[in-house]
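K.L.:
Pasting in a structure now, in structure tokens, and then I'll have a few things to ask.
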Amino acid sequence: MSELISSKIKIKKRVFLGLLLVALLFLLLASFYLLIVASSRYAAYLRSIFVVFIFSTLIFTLLFLFGLLAIVLTLLQKRTLPFPRWFMEKTLLLLYPFVLQIGRFTHIAQERIQRSFIEVNNQLIYARAFNVKAGELLLLLPHCLQNDGCSYKITRNAENCRRCGKCQLPEILEISSRSGIKVRVVSGGTLARRALKEYGPRAVVAVACERDLSSGIIDSFPLPVVGVLNERPHGPCFNTRVNLTALQDSIDFFLAENIN
């Protein structure tokens, strides 16, 4: 059965944010419960150690709640302040695995959670002001955008593309050339990390599936990464496509301050 993830589908940010709130409430209730248990069941010296641990957990949970509140306010106001950004980023980074586990427990599809996480990440980045030059922006593309029957290797050098028109790479390379940005085609997370180390960009626009984008955003922290989901009319990792308008808009966002 063919799979198609279209950028025209409205991605609901509340899926990830709702699960994030559930995770924090769980931590909060668990901390209070353990605090009550510790105060009544353990010897005095063990109780002191346990209480310190629980209070530390409570403090971190309250900080994460502050981070979640800052995320929601940023999404609503479409602008962010420097002070709470650290809390927002840490809340997303540290609690993302926990949110996935809550999703599994509540039988919510992992891809749906990842898609929502990517949208939240993108909107938080869009709420910030950037002054990125073309040479400081890197475009990361998955190798599955290339036509499966093509014999020319482009993972090392995208310019090896012969622009035959059987896939979207000629159009994407035209966009990157016109914008003056760097582009790299990768076959997985290892090559993506190597490209980041090699180019040292200030910002990234990445095209991939939900799993690779979400893990890439986490791995690249604190580097700002805008994720553009690919389209999979023939199934995963095979002759995939991308919404070129969404891709161009993501590139233009970072370069807006440098466009005359």
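Bear in mind that the values in this text are calculations on the coordinates, not laboratory data. Being a predicted model, the structure only gives us computed values, none of them experimental. Neighbour counts run over all protein chains shown; Cβ positions are idealised from the backbone, glycine included.
K.L.:
Which whole-Hz ³J(HN,Hα) couplings does the stretch 71-81 yield from phi under the Karplus relation 6.51 cos²θ - 1.76 cosθ + 1.60, θ = phi - 60°, glycine and proline marked x?
P.N.:
For the stretch 71-81, the Karplus-derived couplings read 4, 4, 5, 5, 5, 6, 8, 6, 7, 10, 10 Hz, x marking Gly and Pro.
K.L.:
Which three extents, in whole angstrom, do the alpha-carbon atoms of the stretch 167-222 cover along their principal axes, largest first?
P.N.:
Here the Cα extents, ordered largest to smallest, are 29, 24, 16 Å.
K.L.:
Would you please classify the overall shape of the stretch 148-192 from the alpha carbon gyration tensor, given that a ≥ b ≥ c denote the square roots of the eigenvalues, rounded means a/c under 1.5, and beyond that prolate means a/b larger than b/c while oblate covers the rest?
P.N.:
oblate
K.L.:
Of Gly18, Leu139, Gly216, whose Cα points farthest to the positive end of the dipole of the chain (charges on the beta-carbon: +1 Lys, Arg; -1 Asp, Glu; origin at the Cα centre)?
P.N.:
Projecting each Cα onto the dipole axis, the largest value belongs to Gly18.
K.L.:
Further, regarding this structure: Answer rounded, prolate or oblate for the stretch 13-126, using the Cα gyration tensor with square roots of eigenvalues a ≥ b ≥ c: rounded when a/c is under 1.5, else prolate when a/b is larger than b/c, else oblate.
P.N.:
Numbers: a/c = 3.41, a/b = 1.77, b/c = 1.93.
Since a/c reaches 1.5 but b/c is at least a/b, the shape of the stretch 13-126 is classed as oblate.
K.L.:
Give a quick list of chymotrypsin sites (Phe, Trp or Tyr not before Pro) in the stretch 100-167 that DSSP marks as loop, anything other than H, G, I, E or B, with at most 15 other Cβ atoms within 10 Å.
P.N.:
Tyr152
K.L.:
With label points built 7 Å along Cα→Cβ from the Cα atoms of His107 and Ser215, find their separation and express it in nm.
P.N.:
Placing both labels 7 Å along Cα→Cβ, they lie 2.7 nm apart.
K.L.:
Now, a different point. Kindly provide the Kirkwood hydrodynamic radius of the chain in Å, to one decimal, from all pairs of distinct alpha carbon atoms.
P.N.:
Hydrodynamic radius (Kirkwood, Cα only) of the chain equals 20.1 Å.
K.L.:
Scan the stretch 77-132 for trypsin sites (Lys or Arg not before Pro) in coil per DSSP, keeping those whose Cβ has at most 10 other Cβ atoms within 10 Å, and list them by number. Show your work: numbers first, answer last.
P.N.:
Details: sites: Lys78, Arg79, Arg85, Lys90, Arg104, Arg112, Arg115, Arg128; in loops: Lys78, Arg79, Arg128.
When the trypsin sites (Lys or Arg not before Pro) of the stretch 77-132 are filtered for loop state and at most 10 Cβ neighbours within 10 Å, Lys78 remain.
K.L.:
May I ask you to compute the full-extension gain from Phe60 to Thr245, defined as 0.36 nm times their residue separation minus their alpha-carbon distance, rounded to one decimal in nm?
P.N.:
Details: separation 185, 0.36 × 185 = 66.60 nm, distance 4.06 nm.
Between Phe60 and Thr245, full extension yields an extra 62.5 nm.
K.L.:
Could I ask something else about it? Using 0.36 nm per residue of separation minus the Cα-Cα distance, give me the extension gain between Leu69 and Ser177 in nm, one decimal.
P.N.:
34.9 nm
K.L.:
Right, another one. When a/c reaches 1.5 or more, the comparison of a/b and b/c decides; with that in mind, is the stretch 97-216 rounded, prolate or oblate per its Cα gyration tensor?
P.N.:
Cα axes put the stretch 97-216 in the oblate bin.
K.L.:
How far is it, in nm, from the label point at Leu81 to the one at Asn160 when both lie 7 Å from their Cα along the line to the Cβ?
P.N.:
Distance between label points: 5.1 nm.
K.L.:
Please work out the FRET efficiency for the pair Leu29 and Ala129, using the Cβ-Cβ distance as r and a Förster radius of 41 Å; give the result to the nearest 0.05.
P.N.:
0.60
K.L.:
Quick one: which residues, 5+ away or cross-chain, put their amide H under 5 Å from the amide H of Val183? H built at 1.01 Å from N.
P.N.:
For Val183, whose amide H was placed from the backbone, the distant partners under 5 Å are Leu139.
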